Amino acid sequence: MTVQTDSRLIADNLSLGYGDRVIVDHLNLEVRTGVITTVIGPNGCGKSTLLRALGRLLKPRNGSVLLDGKAIGSMRTKDVARTLGMLPQAPVAPEGLTVADLVARGRHPHQSWLRQWSSDDECEVAEALALTGVSDLADRPVDQLSGGQRQRAWISMALAQGTDILLLDEPTTYLDLAHSVEVLDLVDRMHEELGRTVVMVLHDLNLAIRYSDQLIVMRDGTIVASGAPKDIISAELLLEVFGLEAAVIADPVSDRPLVVPIGTRHVYGAIGGPNAK
């Protein structure tokens, strides 16, 4: 099956699940080329399941994922790996594996019987290490790094793979706010300076809004909204999708929407309750 389109990665009538459970049902999505797209939604809505299917880690029950107009399931693994890089949630490296060896694994899709490790591969690895700021950690075991350092090392491996499309499943998992911003700044630089198309899954709404050109909002395995953050984020959408009462104001830094959860503490305090200040 071949489809002509401006989007290089497409979900066509996609249904996904595990065992008897259907997670995503008849979903259609075109990933815009050359932008950062982030999938958001409540826990269990199918975000990571969708990303796994886009990365050919999960076989669809129905429909298909198309990469450059071809059904990704029919393509050779190496051909996919030369175009699309996937960083799963909380990846684990073999014990004792150094950062340099981890990043070098990103070059495996480019190896063959006729093309062994070369100076070009060395240059790609060195450049990936430098771009992510982990050159000084090259000889350190990955399992001895801090969370932020470890995520940069994994992203460095994805960079060394040399793909035009990167899929990142919760790249800020287990990171504090400072390290989350550091990692997302890195992703943004890869997009801006190297022209990468990036698809991420994030839980933090405000970070997703700030770092994304396009948002895909999911609920119960379906897409309920998509578009630029300023066009779709509203108090009504947050209540509908997340059950979250929030005010949406202008972010003083990015001038994008900023989500301010309301909760009960200050509402209750404002009317003279025990939390009033």
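Taking each residue of segment 127-142 that is open to solvent by 20 Å² or more (accessible area, probe 1.4 Å) and looking for partners that are basic (Lys, Arg) with beta-carbon atoms closer than 8 Å, six or more apart or interchain, yields LEU131/ARG189; GLY133/ARG152. Filtered by the rule that a residue be outside any helix (DSSP H, G or I), of a type in the set (Val, Ile, Thr) and over 19 Å from ASP188 (Cα atoms), segment 124-152 gives no residues.
Given the residues LYS59, LYS78, which is the only one that is in a loop (DSSP other than H, G, I, E, B) and either surrounded by fewer than 16 Cβ atoms within 10 Å (Cβ to Cβ) or not aliphatic (A, V, I, L, M) (or both)? Give the derivation first.
Working: LYS78 fails: in a loop (DSSP other than H, G, I, E, B).
Among LYS59, LYS78, only LYS59 is in a loop (DSSP other than H, G, I, E, B) and either surrounded by fewer than 16 Cβ atoms within 10 Å (Cβ to Cβ) or not aliphatic (A, V, I, L, M) (or both).
Among the criteria (1) modelled with pLDDT of 90 or more; (2) more than 21 Å from the chain's Cα centre (by Cα); (3) outside any loop (DSSP other than H, G, I, E, B), the one PRO252 does not fulfil is (3).
Of all the residues in segment 169-208, those that are within 24 Å of VAL241 (Cα to Cα), at pLDDT 85 or above and assigned to a loop (DSSP other than H, G, I, E, B) number 6.
Scan segment 35-56 residue by residue and report those that are over 14 Å from the mean Cα position of the chain (by Cα) and either closer than 14 Å to LEU167 by Cα or open to solvent by 40 Å² or more (accessible area, probe 1.4 Å) (or both). Full working, then the answer.
Applying the first criterion (over 14 Å from the mean Cα position of the chain (by Cα)) to segment 35-56 yields 42-45, 56.
Of everything in segment 35-56, those that are over 14 Å from the mean Cα position of the chain (by Cα) and either closer than 14 Å to LEU167 by Cα or open to solvent by 40 Å² or more (accessible area, probe 1.4 Å) (or both) turn out to be ASN43, GLY44, ARG56.
Condition check for ASP121 on (1) open to solvent by 60 Å² or more (accessible area, probe 1.4 Å); (2) charged (D, E, K, R); (3) part of a helix (DSSP H, G or I): one failure, at (1).
Just one of (1) part of a strand (DSSP E or B); (2) of a type in the set (S, T, N, Q); (3) modelled with pLDDT under 90 fails for SER112. It is (1).
Taken over segment 148-175, residues that are open to solvent by 10 Å² or more (accessible area, probe 1.4 Å), touching a residue at least 24 places away in the same chain (Cβ under 8 Å), of a type in the set (S, T, N, Q) and in contact with a helix residue (DSSP H, G or I) (Cβ under 7 Å, 6 or more places away or on another chain) amount to 3.
Out of curiosity, is ASP68 more than 25 Å from GLN149 (Cα to Cα), open to solvent by 70 Å² or more (accessible area, probe 1.4 Å) and not aliphatic (A, V, I, L, M)? Yes. Taking the criterion of being closer than 26 Å to TYR211 by Cβ and touching a helix residue (DSSP H, G or I) at 6+ places or on another chain (Cβ under 9 Å), would at least one residue in segment 106-117 satisfy it? Yes, segment 106-117 has at least one match.
The values are calculated or read from the model by the stated rules, or taken from the named source; none is laboratory data. Since we're looking at a predicted model, the values are computed, not measured. Heads up, the Cβs are rebuilt from the backbone with ideal geometry, glycines too, and the neighbour counts pull from every protein chain shown. Remember, those area values only see protein heavy atoms, side chains included, never the ligands or the DNA or RNA. Shrake-Rupley method; radii C 1.70, N 1.55, O 1.52, S 1.80 Å.
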